[in-house]
Amino acid sequence: MGQTLKVSNKGIISFSTSGRYSTALIPISLRTVQPVFNRDVIAGLSDSAVSSLLELEAWINGEEFIGSREPQDEANVANQIAGSQMTLTNLESEMIIAIENHNTGSAANLVSQLSTYAEDDRRTTITTVFLRVISDGPLESLNFLLDTGLVDTSRPDEITDRGCLHEAAIAGRLDVLKLCIDHGISL
């Protein structure tokens, strides 16, 4: 059986689940309120929920997750790994800020700093930046990122599992959709 909702003209709401009815008296003025959903807020909440689920799964499997502590004898190795990752993370964050502030010169400088990293790390970083700034980044800056040749347009975001076409469509950015297609993204 399904769920049904009945509203009488006197403000009485009857809700049925599995054939049982519950009745509530709701003031008529409250019935006219319509929910308003902010796309960005919902996308942010979705990202947070997915990230939390991934951390919980890693914790259950005994893997490293944010907030975990390494044993004291492995501290030096962990610090070296965290140091290189932190640098990549900082570069990624700074590049997002540069793109959002229409500062392609600063973004170009940050891309050049990535040259010391393995190509896979560079591609992952630039692709992540591209996916993060699709919704509000200037078209010129997005074009700059694509022109680096390091954006993997087939790779979905690791948190949302959405690709660049999905992100552009959700943001209502027809200009970005056209830009991606012009750069040879496969449909």
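The values are calculated or read from the model by the stated rules, or taken from the named source; none is laboratory data. Just so we're clear, the structure is a prediction, and the values are computed from it rather than from any experiment. Cβ coordinates were reconstructed from backbone atoms using ideal geometry, including for glycine residues, and neighbour counts include every protein chain displayed.
Things to note:
- Test: residue in the range 125-148 that is of a type outside the set (D, E, K, R) and free of Cβ contacts under 8 Å to residues at least 12 places away in the same chain: no
- The single condition among (1) at pLDDT 80 or above; (2) surrounded by fewer than 14 Cβ atoms within 10 Å (Cβ to Cβ) that Glu74 does not meet is (1).
- Note on the range 113-169: residues that are at pLDDT 90 or above, in contact with a His (Cβ under 9 Å, 6 or more places away or on another chain) and either polar (S, T, N, Q) or surrounded by fewer than 15 Cβ atoms within 10 Å (Cβ to Cβ) (or both) amount to 4.
- Residues considered: Gly172, Gly184. Of these, the only one that is modelled with pLDDT under 85 and not hydrophobic (A, V, I, L, M, F, W, C) is Gly184.
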